[in-house]
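The block underneath contains the structure these notes are about, expressed in structure tokens.
The values are calculated or read from the model by the stated rules, or taken from the named source; none is laboratory data. The structure displayed is predicted, hence computed values, not measured ones. For neighbour counting, all protein chains shown are included, and Cβ atoms are generated from backbone atoms with ideal geometry for every residue, glycine included.
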Amino acid sequence: MPFVLRPFRRFPVPCSVTYHSGRFQGHGMVWNLSCTGWRLSGDLPMRSGETLSLIVTLPNEQRIEVPEAVVRWSRGQEFGIETVEIPKHTQARLIHYMRRLVNNSLEVLHE
């Protein structure tokens, strides 16, 4: 796989996820996320190219629903996804949440 520069910063945010691929359901954790790419691990192994939908519970208890994502890589129970379809209001909530993470990390640097 060639090296590709990520277009967005990833944030370490361990949070629970339920994901569906066809009629199968998996449970696991999101370990980091960005506006377009996430790293997950779960009890339903995924393969590169498979599509799935996700329901993520962020640490602040907000639920984020992603109707469609594509698995870009997988290693055992871990896999990376690229979000394909996110409703605009959900994308706005996710961006707002990540801005808070950036602001919090900047505050820690300045202390």
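Numbers for the structure displayed
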quantity: Per-region count, segment 31-46, residues at pLDDT 90 or above and assigned to a loop (DSSP other than H, G, I, E, B); calculated: 4
quantity: Test set (1) surrounded by 16 or more Cβ atoms within 10 Å (Cβ to Cβ); (2) out of contact with any Ser or Thr (no Cβ under 8 Å at 6 or more places or on another chain) - residue 83 fails condition number; calculated: (2)
quantity: Top-ranked residue of segment 65-111 - restricted to ones that are at pLDDT below 85 and of a type in the set (Val, Ile, Thr), ranked as farthest from residue 44 (Cα to Cα); calculated: 108
quantity: Whichever residue in segment 2-30 is in a loop (DSSP other than H, G, I, E, B), over 19 Å from residue 46 (Cβ atoms) and in contact with a strand residue (DSSP E or B) (Cβ under 8 Å, 6 or more places away or on another chain) and, among such residues, is modelled with the highest pLDDT; calculated: 8
quantity: Selected residue (criterion: surrounded by the fewest Cβ atoms within 10 Å (Cβ to Cβ)) from residues of segment 47-68 that are touching a residue at least 40 places away in the same chain (Cβ under 8 Å) and in a strand (DSSP E or B); calculated: 57
quantity: Breaking point among (1) at pLDDT below 95; (2) farther than 22 Å from residue 101 by Cβ, for residue 49; calculated: (1)
